[in-house]
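Read through the structure below, which is laid out as structure tokens, and then see the notes.
Every read-out reported here was derived from the displayed coordinates using simple, explicitly stated rules and does not represent laboratory data. In this text the structure is predicted, and so the values were computed from the model without any measurement. Cβ coordinates were reconstructed from backbone atoms using ideal geometry, including for glycine residues, and neighbour counts include every protein chain displayed.
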Amino acid sequence: MADPKDIYEQRESVEDLERQLTEIKKLSPGDESEREIALLQARIDRVKREVYSKLTPWQKVQLARHPKRPYTLDYIQDIFTDFIELHGDRRFADDHAVVCGMANFHGQPVMVLGQQKGRDTKQKIFRNFGQPKPEGYRKALRVMKIAEKFGRPIFCFVDVQGAYPGIDAEERGQAEAIAHNLREMSRLRVPIVVTITGEGGSGGALAIAVGDVVNMLEYSVYSVISPEGCASIMWRDAAHAETAASALRLTADDLKELGLIDTIIPEPEGGAHNNPKQMSESLDKQLQKDLEMLKRVPVDQLTDRRYEKFRRMGQFFEDASAHSAQSS
Amino acid sequence: MAWFKKEKTPIVSVEQKHVKTEGLWTKCASCKQIIWKKDLAANLNVCPKCNFHFKVGARERLEMLFDEGAYFELDADFASNDPLHFSDTKSYRARLKEAQKATGLKDAIITGDGKLGGRPTLIQAMEYRFIGGSMGAVVGEKICRAIELCIVRRSPLIIVSVSGGARMMEGAISLMQLAKISAGLGRLDDAKVPFISVLTDPTTGGVTASFAMLGDVNIAEPGALIGFAGPRVIEQTIRQKLPAGFQRSEFLLDHGMLDAIVHRKELRPFLIQSLNFMQAA
Ligand SMILES: [Zn+2]
């Protein structure tokens, strides 16, 4: 069982090697040290490649959950201007696990929204660890309807462990809230660009992810259930999470291969948290490209196109009548 | 060691005995009374003593609802091709084969095309014995095809849910079925074609968080467990015992999530009357 810390330990070893390299470079030049430098450099490159481009699904889960990973408000601040937050679902409360608001995107008014996790303990509690309750989904849909009314595009940023398993969330009908969002988002008459930035955790993620375009950051994950949840059900032991992470096929590459997402946005070496500015720049470029493309699609075609996009998902079955005996 | 000659012992006797006792009687899970299976069947699998609603298989359900119990089955042979090559303690393919053998169905839902109160109607019923009634690509596809057919024919759709939610063994593909079906129901709604959702014990996870909660009218059988997160997961998270009756039909009705709780005996007349309201005959 690989420890989640493995990836950080491997990075430690890269840093170790780099320190050694600096030390050697400080020594007097000579054939001997030059050869050593070349060898060491090659080894550093190899280790880096191994660590960052051959990450296991479980390691990607760890990166997606990295405590320093940029969150929705970081992207809003970097990519958009004039953000005005809009609060409340007009039904029950303002859910702090979801942030929504009007903003400016390269000169155009747009609606932005997403789940928001907290950094320190106080913020984490305030944001309910980024897990929305029904009022969060309802707030999100409320602002999306405002965007539709005024013909403004919508950008959604998804980063959620999963829907909140609590008595209050059930009492107020989180299943209904998610279902309602799925149906309504599918027929909103404005462009919707969705990006999975961290954890795309089941229904809690999908509730704001029915878009014309769905992107995933390179090390984000998107799954029907958390690897821990899957492990405790299928293996009756949460310790099998690493195995479950592979079995669930939850990485950006997997989702792309299965035809469930559109674009994988590359992350800076070592993950988005290693260079948040660079991450925001790449994300910004992709969002501009997506919006330019969607703005050319007439509104009536837009909703048909969105329907067809999801309608095609999961053509993974066979018509057994074609080649097997009738069972009854 | 043998006290008797083995060949004299009828080979099937033990099994037969088992079948005989198990076959004639059953114990009600609610009132613990012993009930004749014949009485139970005659009473639509509802306990004659305490009204506890036993689970009903998908075929039985359709027979119970359609006029004269008659229907044509559509898309009967759609089966999963295991897109993820998923394997946990057992392979998904093996689980599928087992479920297919046990139920005689290819997946966890069947589509019936027939008449309800004389009105052409599609009714889909889920099968809990098929991997917990879980929803993967086949369930998603069959529901979408039913929706599309209902739009063309302008005939109502009824789905009777019994499900643990999305099917883990199809990963994100099963998650996307929630969006796919909900988008389809958006079109059915735009077309003003009736959709009634009937929730039965249990309906949880992604099924509740998609079509089961999107009926023009959502109704449930008495005492059904209905929710998104399962009670065990909630209990583990909040580390306290859940209140009695939590996530049962009566609790959902109280919290405004259901239009009505309908006794199995009243289900057919309820559906017919509702459809009469929604659509001219
Ligand atoms: Zn009883």
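Using Cα atoms only, what is the angle between the long axis of helix A:174-185 and the major principal axis of chain A, expressed in degrees (0 to 90) to the nearest 10?
It works out to around 80 degrees.
Whole-Hz Karplus ³J(HN,Hα) for segment A:233-242, in order, using 6.51 cos²θ - 1.76 cosθ + 1.60 and θ = phi - 60°, x for Gly and Pro?
For segment A:233-242, the Karplus-derived couplings read 7, 7, 10, 6, 6, 5, 5, 7, 4, 5 Hz, x marking Gly and Pro.
If the viscosity is 1.306 mPa s and the temperature 10 °C, what translational diffusion coefficient in µm²/s does Stokes-Einstein give for segment B:168-281 when Rh comes from Kirkwood over Cα pairs?
The Stokes-Einstein estimate is 103 µm²/s.
Roughly how tilted is helix B:264-278, in degrees to the nearest 10 and between 0 and 90, from the longest Cα axis of chain B?
20 degrees
Translational diffusion coefficient, Stokes-Einstein: compute it for segment A:171-328 using the Kirkwood radius over C-alpha pairs as Rh, at 4 °C and 1.567 mPa s, and state it as an integer in µm² s⁻¹.
D, rounded to a whole number, is 73 µm²/s.
Let me have the 222 nm mean residue ellipticity of chain B computed from DSSP H runs of 4+ only, each contributing -39500 (n - 2.57), with the sum over all residues rounded to the nearest 500.
After summing the helix terms and dividing by residue count, I get -11500 deg cm²/dmol.
Quick check: the angle from helix A:31-53's long axis to the longest principal axis of chain A, C-alpha only, nearest 10 degrees?
Roughly 20 degrees, rounded to the nearest 10.
How fast does segment B:69-108 diffuse by Stokes-Einstein, in µm²/s, taking the Kirkwood radius from C-alpha pairs at 25 °C and 0.890 mPa s?
214 µm²/s
Going by amide H atoms built from the backbone, whose H comes under 5 Å of the H on B:S87, apart from near neighbours?
Close amide H contacts, sequence-distant or interchain: B:Y92.
Taking θ = phi - 60°, what integer Hz values does the Karplus form 6.51 cos²θ - 1.76 cosθ + 1.60 yield along segment A:126-143, in sequence order, with x for Gly and Pro?
My calculation for segment A:126-143 gives 4, 8, 6, 6, x, 9, x, 9, x, 5, x, 5, 5, 4, 4, 5, 4, 6 Hz in order.
Considering only the other residues whose Cβ falls under 14 Å of the Cβ of B:L214, what net charge follows from Lys and Arg at +1 and Asp and Glu at -1?
With Lys, Arg at +1 and Asp, Glu at -1, the net is -2.
When all C-alpha to C-alpha distances in the protein assembly as shown are sorted into bins of 10 Å, what percent of pairs does each bin hold, rounded to whole numbers?
All Cα pairs considered, the percentages come to 3, 16, 25, 24, 16, 9, 5, 2, 1, 0.
If you put +1 on each Lys and Arg Cβ and -1 on each Asp and Glu Cβ, how big is the dipole of the protein assembly as shown around its Cα centre, in Debye rounded to 20?
So the magnitude is around 1800 debye.
Output wanted: per-residue J couplings in Hz (rounded whole) for segment B:212-227, from phi through Karplus 6.51 cos²θ - 1.76 cosθ + 1.60, θ = phi - 60°, x for Gly and Pro.
Values per residue, Gly and Pro as x: 4, 9, 10, x, 4, 10, 10, 10, 9, 6, x, x, 6, 7, 9, x Hz.
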